Amino acid sequence: MLRIECPCCGLRDHDEFRYGGDASVMRPAHDDPDPQAWYRYVYIRANPAGLHREFWQHVIGCRQWLVVERDTRNHAIASVELARQLSARKSPARKPPA
Ligand SMILES: [Zn+2]
């Protein structure tokens, strides 16, 4: 059985979580006119045999979105982070007005 260590709630069975998709795919900018970029975002997945970054939501718990790094060969979980913390680190710093 897959068990996920939620940063807020501790170790829980995967039945409490909902899979949210591939966390390694980057969404194109909202106004990106390139149809190929949107096609790749919606349909193209790597499907690796090994470590894979995935979104999971703790729906029967704190309801937080997590980024779980899971080995697809044996379901071993290498890391779990809150998605909002990861997102905050990747957002460009706001520049003060000139
Ligand atoms: Zn939780």
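Using the alpha-carbon positions of the chain, Rg (one decimal) and Dmax (whole number) come out as 15.8, 55 Å.
Here the sum of -39500 (n - 2.57) over DSSP H runs of 4 or more residues, divided by the residues of the chain, equals -5000 deg cm²/dmol at 222 nm, to the nearest 500. For the chain, give the percent of accessible area contributed by carbon and sulfur heavy atoms, probe 1.4 Å, rounded to a whole number. That fraction is 53 percent. With all protein chains kept in place, the per residue accessible area of the chain amounts to 72 square angstrom at a probe of 1.4 angstrom. Packing, as the average of other Cβ atoms within 10 Å across residues, places the peptides 65-77, 3-15, 28-40 in the order 65-77, 3-15, 28-40, highest first.
Comparing Arg27, Arg18, Arg84 in a Gaussian network model of the chain where C-alpha atoms under 10 Å apart are linked, the largest mean-square fluctuation is found at Arg27.
The values are calculated or read from the model by the stated rules, or taken from the named source; none is laboratory data. Note that the structure is predicted; figures quoted are calculated from it, not measured. Virtual Cβ from ideal backbone geometry, glycine too; neighbours counted across all protein chains shown. Remember, those area values only see protein heavy atoms, side chains included, never the ligands or the DNA or RNA. Shrake-Rupley method; radii C 1.70, N 1.55, O 1.52, S 1.80 Å.
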